[in-house]
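Quick note: the coordinates plus some simple rules give every number you see, no bench work behind them. These numbers were taken from a predicted model, which means no experiment stands behind them. For neighbour counting, all protein chains shown are included, and Cβ atoms are generated from backbone atoms with ideal geometry for every residue, glycine included.
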Amino acid sequence: MRTRTFAGTPVGAVGLGCMGMSWAYSESERDDTASVELINEALDLGVTFLDTAQPYGDGHNETLVGRAVRGRRDEAVIATKTGLVVEDLHTKAMRRDGSPEHVKRSAEDSLRRLGTEVIDLYYLHRVDPAVPLADTWGAMAELVAEGKVRRLGLSEVGAAQAGEAHAIHPVAAIQSELSLWTRDALGAPGGLTGAFPGDATAGEGPGDVVAWCAGNGAVFVPFSPLGRGFLTGTVTAADFEDSDFRGGNPRFQEEALKANLRIVDVVKAVAARHGATPAQVAIAWTLAQGPHVIPIPGTKKSRYLRDNAGAAELDLTAADLSELDSVPAPVGSRY
Ligand SMILES: NC(=O)c1ccc[n+]([C@@H]2O[C@H](COP(=O)([O-])OP(=O)(O)OC[C@H]3O[C@@H](n4cnc5c(N)ncnc54)[C@H](OP(=O)(O)O)[C@@H]3O)[C@@H](O)[C@H]2O)c1
């Protein structure tokens, strides 16, 4: 697989989001043994940039990733996150905690669950408005000085927050939602979608954080690059199981979902021209946003993993990109 560079280290151009192996989508299909095998298959394919976080199953996902990489830890670049605490595993309710005490404690817990001496990339999952960013980021920088963490990243921030953190300790990565139907991170005018309530960026849009990363030596990591599965064309009805996060998501409500299928039609047309799948086109569009972009599509299935890995070899033309850039705006906010 083609590679991209994270902090001087080559990684597969397409990474792997591990969240869905523990919660969020079609949870009845959860299978830990299969997930451990899947992560190993990913490493075999060169999909080495692995993404997890403490809240995904309240520690379950980090434990899974740790189990999977045992014996081949050096082949993986492992990213995990701090700053969000699960309040209710069933409803997935979370609260923010950016206190230095929480940062330090949660890093120790993550190291233990991952079974590793050092976390390659440690993100602040969400900025806590009750704690100065300098305090949270300062505590994270101390973890680097202590050798427990290699690099630091931010998630769902605006360019101004990134700059504030960068002045204290280098920002190696920003991870935010970016896909054909969520372009806020590109500084889409007015934001195609609103930031979710309580976000520091709410109301003004994050600015072009993809460009900020390019200008400041950071990678940009699009999360949910497949639009939580929607852009693959496999989600055509709002018939989710109770535990599925999409059942309560505005874009996946029946009327909105039906309207949003117009976006998928465009993706399918481009895919047909290349003999590719819609998933590959959706991922390749994120890769085309810059050589410093490393998407992390999520799956718990081998056939999807292989499909998604194939996106690294798909070069979209200028005509494809312009067609994809003109897809209709989505119906429904992203949260
Ligand atoms: N920083 C943050 O706040 C944040 C938020 C959300 C996610 N993330 C990270 O980003 C990663 C990816 O995002 P995501 O998992 O939310 O969404 P995603 O990658 O856009 O979509 C995942 C969904 O697409 C399905 N899928 C995957 N590949 C497919 C293919 N080739 N064809 C058809 N369907 C396919 C998966 O099904 P199966 O599950 O059945 O395989 C799953 O339902 C997560 O795993 C997580 O690590 C971070």
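Express in nm, to one decimal, how much length is gained between Ala329 and Glu241 on full extension, taking 0.36 nm for each residue of separation and deducting their alpha carbon distance.
Values: separation 88, 0.36 × 88 = 31.68 nm, distance 2.67 nm.
The Ala329-Glu241 span can extend by a further 29.0 nm.
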Problem set entry | For the chain, the fraction of alpha-carbon pairs in successive 20 Å shells from zero, as % | 33, 62, 5
Seminar exercise, completed: For Ile168 and Ala211, extending 7 Å from Cα along the Cα-Cβ vector and measuring point to point gives, in nm, a value of 2.6 nm
Seminar exercise, completed: Going residue by residue through segment 82-96, the Karplus relation 6.51 cos²θ - 1.76 cosθ + 1.60 with θ = phi - 60° gives ³J(HN,Hα) values, rounded to whole Hz and with x marking Gly or Pro, of 10, x, 10, 10, 6, 9, 8, 4, 6, 8, 6, 5, 9, 10, 8
For this session: Calculate how steeply helix 278-287 sits against the longest principal axis of the alpha-carbon atoms of the chain, using the helix alpha-carbon long axis, and give the answer as 0 to 90 degrees to the nearest 10.
Result: 50 degrees
Exercise. Residue separation times 0.36 nm, minus the C-alpha to C-alpha distance between Val85 and Lys104: what's the value?
Worked result: 5.5 nm
Seminar exercise, completed: So the compactness index of segment 201-299, its C-alpha Rg divided by 2.2 N^0.38 Å, takes the value 1.21
Exercise. What number comes out for the charge environment of Leu186, summing +1 per Lys or Arg and -1 per Asp or Glu over other residues with Cβ under 13 Å away?
Worked result: -3
Exercise. By how many nm would the segment from Ser28 to Ala259 grow when fully extended, if each residue of separation counts as 0.36 nm and the alpha-carbon distance is taken off?
Worked result: 80.4 nm
Exercise. Using r as the Cβ-Cβ distance of Ala7 and Arg95, and R0 as 35 Å, what FRET efficiency do you calculate, to the nearest 0.05?
Worked result: 0.70
For this session: Return the distance in nm (one decimal) between the two label points of a simple spin-label model at Glu37 and Lys301, each offset 7 Å from Cα along Cα→Cβ.
Result: 1.6 nm
Exercise. Where does helix 32-45 land angle-wise versus the long Cα axis of the chain, in degrees 0 to 90, nearest 10?
Worked result: 80 degrees
For this session: Pairs to check: Lys81/Lys148; Lys258/Lys301; Lys148/Lys300. Give those whose C-alpha atoms are more than 19 Å from each other in this structure.
Result: Lys258/Lys301; Lys148/Lys300
Exercise. Assuming R0 = 25 Å, what is the FRET efficiency of Ala319 and Thr234, from their Cβ-Cβ distance, to the nearest 0.05?
Worked result: 0.45
For this session: With a point put 7 Å past each Cα toward its Cβ, work out how far Glu117 is from Arg70 in nm, to one decimal.
Result: 1.9 nm
For this session: Using the Karplus curve 6.51 cos²θ - 1.76 cosθ + 1.60 with θ = phi - 60°, work out ³J(HN,Hα) for each residue of segment 128-136 in order, rounded to whole Hz, and write x for Gly and Pro.
Result: 8, x, 8, 10, x, 4, 4, 6, 4
Problem set entry | Estimated vicinal HN-Hα couplings, Hz - segment 295-306 in sequence order (Karplus 6.51, -1.76, 1.60; Gly, Pro = x) | x, 10, x, x, 7, 10, 10, 4, 5, 6, 4, 5
Seminar exercise, completed: Honestly segment 1-151 on the Cα gyration tensor test (a ≥ b ≥ c root eigenvalues; a/c under 1.5 rounded, otherwise a/b vs b/c for prolate or oblate) is just oblate
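Once the convex hull of the C-alpha atoms of segment 56-124 is built, how many Å³ does it hold per residue, rounded to a whole number? Can you show the working numbers first?
Numbers: hull volume 5.3 nm³, N = 69.
Once divided by residue count, the hull of segment 56-124 is 77 Å³.
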Exercise. Between the helical axis of 100-114 and the dominant principal axis of the chain, each derived from Cα atoms, what acute angle in degrees is found, rounded to the nearest 10?
Worked result: 70 degrees
